[in-house]
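The structure appears right after this line, and notes come after that.
The values are calculated or read from the model by the stated rules, or taken from the named source; none is laboratory data. Predicted model only: the values in this text are computed from it and were never measured. Cβ atoms come from the backbone with ideal geometry, glycine included; neighbour counts cover every protein chain shown.
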Amino acid sequence: MKKLPIGIQTFADIRTDNYCYVDKTPLIARLVEQGRYYFLSRPRRFGKSLLVDTLAQAFSGNKDLFQGLYLEKHWGWSTQYPVIKLDFAQGILTSRQQLDTVVQDMVLQHASAAEIPLPPQNEVHLLFSWLIHKLHQKTGQQVVVLVDEYDKPILDNITDAPKAAELREGLRNIYSVLKAQGAHLRFVLLTGVSKFSKVSLFSGLNNLEDITLDSRFSSVCGYTQEELEDVFADYLDGIDLDQVKKWYNGYNFLGDSVYNPFDILLYFRNREFRPYWFETGTPSFLVRMLMEKKMFIPELEHLTADEELLSSFDVDYIAPESLLFQTGYLTITGREQLFDEEYIYHLGFPNHEVRKSLSGSILHWYSQELTSLKRNQVSLFRALQAHNFSALEQIFHAFFASIPHDWYRKNELAGYEGYYCSVVYCYFAALGLNVRPEDVTNHGRIDLTVCFEEQVYIFEFKVNELTEPGCALEQIKKKRYAEKYQGQGKEIWLIGVEFSRAERNVSRVEWEKG
């Protein structure tokens, strides 16, 4: 039984130490056959480093590592190419000087290994350029340049705009070499989480082909359902594949949906559903941005963006849709052609893990009281089981009361229905329930539908200062929202929730059976 490659990003280790390996070499062969300069964006812990290392081993001519794989018979093994790897995954760089020092060290290591003396000057981009030229000259073969986590120095400082801009300029200085040394380059791949505009980071490198949303390479990182069931067959005994798919599949880059390898490998080892991927990152910056931009949180279930917006990521301007997509908290759920080859993209949560965990993080951001939040979630679950809507009202009243007064001084969200709907939505989503915001019916949109066991709860939210008392429940009945779920053998509850803008809390909850 082969081992699970948890945390293993080195191709040689996987191939020589009896680890499971999903063969991505057919896609690698296609990459090399069809182009020379590539850019690939994928969320963190998605297998980008393993892809880079696999390419390095192939270009270095290490045929023995590819025995039994597609590339063994579809690669020109007689030619070995010099490979330069720049890896920014390790450590946090906080200044241009640190960046230049790290790159200079990587250049010196490659030069030393190739026994190439470098000139006595310390301009890092000139050293990089010199290395490429001399490697080509010495070996007679063009050079392969592979850059892993190309954007990490910027992302590590994204909350400090001046510092992030300084590091961006440092990276642009380095990447500009790739344009100037084109005659000496055989293949180039840059991978990272974000997609910075060519103008800001790759100025002049017009031949860099972005394959982030290229359907031909949609599964170059991540595991498809077929790959999972084939390569990890020994780990599937007693596994509910539908639940596994619900929790961890769903990432889509205009091709087959894929699993995040980090999630699925840890699940196979532990046999327990947990937010493994989500727990490795701290989305505090992301949550703060959602609050500052006054995002309507339930809308994250079905956002719409064009391709330009998905790529609009820079130090000076970060679109929430772009950040959510590129970091993996949203994925593409559909693409729609408009006219003249113009497309819009429909975005939503990739899976249960992300919806549940991000909702919980947002709730924690509101209240900062994690212990009482967890206690309230347990109480909410029991209140739904018992149809105890008085308890439900008390739970939400306690939560809104726990939000610090200082939070309200920094924004005006408390005056809008969307704010209250967002909080309630997050509460139910963080519990892992089937939540349907803006649920469409023949008579209008339900603010929120929650499906729990054999129950359906239909919610309508109103702000007292903007409406008449009692109109929330009345609207549910007047619009006949319950008709959508009648005849399904489920118990239906109609729940009108009203909030006071002045009190910033629940003022009335009314309910009746539908």
Would you mention how many residues in region 105-132 are surrounded by 13 or more Cβ atoms within 10 Å (Cβ to Cβ) and either in contact with a helix residue (DSSP H, G or I) (Cβ under 8 Å, 6 or more places away or on another chain) or of a type in the set (A, V, I, L, M) (or both)? 16
Take the residues in region 133-145 that are crowded, with 22+ Cβ neighbours inside 10 Å and either touching a helix residue (DSSP H, G or I) at 6+ places or on another chain (Cβ under 6 Å) or among the acidic types (Asp, Glu) (or both), then tell me which one is farthest from Arg45 (Cα to Cα). Val143
Name the pairs: first residue in region 68-92 and in the same structural domain as Ile158 (by TED's automatic domain parsing), second residue among the charged types (D, E, K, R) and assigned to a loop (DSSP other than H, G, I, E, B), Cβ to Cβ under 7 Å, at least 6 apart or on different chains? Leu69/Asp23; Tyr70/Asp23; Asp87/Glu149; Phe88/Glu149; Ala89/Glu149; Ile92/Asp156
Among the residues of region 40-48, is there at least one that is touching a strand residue (DSSP E or B) at 6+ places or on another chain (Cβ under 8 Å) and farther than 21 Å from Ser218 by Cβ? no
Sole residue being over 18 Å from Val145 (Cβ atoms) and small (Gly, Ala, Ser), chosen from Ser78, Ser129: Ser78
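Within the group Glu510, Glu468, Glu474, which residue is part of a helix (DSSP H, G or I) and more than 21 Å from Ile297 (Cβ to Cβ)? Can you show your working first?
Values: Glu510 fails: part of a helix (DSSP H, G or I); Glu468 fails: part of a helix (DSSP H, G or I).
Sole residue among the options that is part of a helix (DSSP H, G or I) and more than 21 Å from Ile297 (Cβ to Cβ): Glu474.
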For Pro119, are the conditions met, namely being assigned to a helix (DSSP H, G or I), more than 22 Å from Arg36 (Cβ to Cβ) and out of contact with any Gly (no Cβ under 6 Å at 6 or more places or on another chain)? no
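Output the number of residues of region 281-314 satisfying the condition of being in a helix (DSSP H, G or I) and either in the same structural domain as Pro437 (by TED's automatic domain parsing) or over 28 Å from Leu338 (Cα atoms) (or both).
In the first step, residues of region 281-314 are kept if they are in a helix (DSSP H, G or I); the result is 284-292, 297-302, 307-310.
Of the ones still in play, those that are also either in the same structural domain as Pro437 (by TED's automatic domain parsing) or over 28 Å from Leu338 (Cα atoms) (or both) are 284-292.
Residues flagged as in a helix (DSSP H, G or I) and either in the same structural domain as Pro437 (by TED's automatic domain parsing) or over 28 Å from Leu338 (Cα atoms) (or both) within region 281-314 amount to 9.
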In region 491-507, the residues that are over 35 Å from the mean Cα position of the chain (by Cα) and not in a strand (DSSP E or B): Ala502, Glu503
Looking only at region 5-19, count how many residues are over 22 Å from the mean Cα position of the chain (by Cα), surrounded by fewer than 18 Cβ atoms within 10 Å (Cβ to Cβ), farther than 29 Å from His184 by Cβ and of a type outside the set (Val, Ile, Thr). 4
I'd like the full set of residues that are among the β-branched types (Val, Ile, Thr) and crowded, with 20+ Cβ neighbours inside 10 Å, limited to region 342-374. Val354, Ile362
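Suppose we filter region 24-39 for residues that are assigned to a loop (DSSP other than H, G, I, E, B) and either among the aliphatic types (A, V, I, L, M) or surrounded by fewer than 16 Cβ atoms within 10 Å (Cβ to Cβ) (or both); how many remain?
1
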Sole miss for Ile132 among (1) within 33 Å of the chain's Cα centre (by Cα); (2) outside any loop (DSSP other than H, G, I, E, B) is condition (1)
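For region 251-280, how many residues are outside any loop (DSSP other than H, G, I, E, B), surrounded by fewer than 16 Cβ atoms within 10 Å (Cβ to Cβ) and within 15 Å of the chain's Cα centre (by Cα)?
Qualifying residue count, region 251-280: 1.
Would you list the helices (runs of 4 or more DSSP H) that sit entirely within region 317-400 and hold 2 or more residues that are more than 29 Å from the chain's Cα centre (by Cα) and within 26 Å of Lys246 (Cβ to Cβ)?
Because the criterion is at least 2 residues that are more than 29 Å from the chain's Cα centre (by Cα) and within 26 Å of Lys246 (Cβ to Cβ), the helices (runs of 4 or more DSSP H) in region 317-400 that meet it are 370-386.
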Extreme residue, modelled with the highest pLDDT, among residues of region 64-95 that are farther than 26 Å from His136 by Cβ and surrounded by 18 or more Cβ atoms within 10 Å (Cβ to Cβ): Leu69
Looking only at residues that are touching a Leu at 6+ places or on another chain (Cβ under 7 Å) and touching a residue at least 40 places away in the same chain (Cβ under 8 Å) in region 157-176, which one is surrounded by the most Cβ atoms within 10 Å (Cβ to Cβ)? Leu167
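Of the residues Val144, Val102, which is at pLDDT 95 or above and part of a helix (DSSP H, G or I)? Full working, then the answer.
On the way: Val144 fails: part of a helix (DSSP H, G or I).
Answer to the selection: Val102.
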Tally the residues that are more than 27 Å from the chain's Cα centre (by Cα) and of a type in the set (A, V, I, L, M), restricting the search to region 441-456. 2
In region 442-455, is there at least one residue being aromatic (Phe, Trp, Tyr), in the same structural domain as His387 (by TED's automatic domain parsing), farther than 18 Å from Tyr420 by Cβ and not in a strand (DSSP E or B)? no
From the set of residues in region 485-505 that are more than 18 Å from Glu453 (Cβ to Cβ) and charged (D, E, K, R), which is surrounded by the most Cβ atoms within 10 Å (Cβ to Cβ)? Glu498
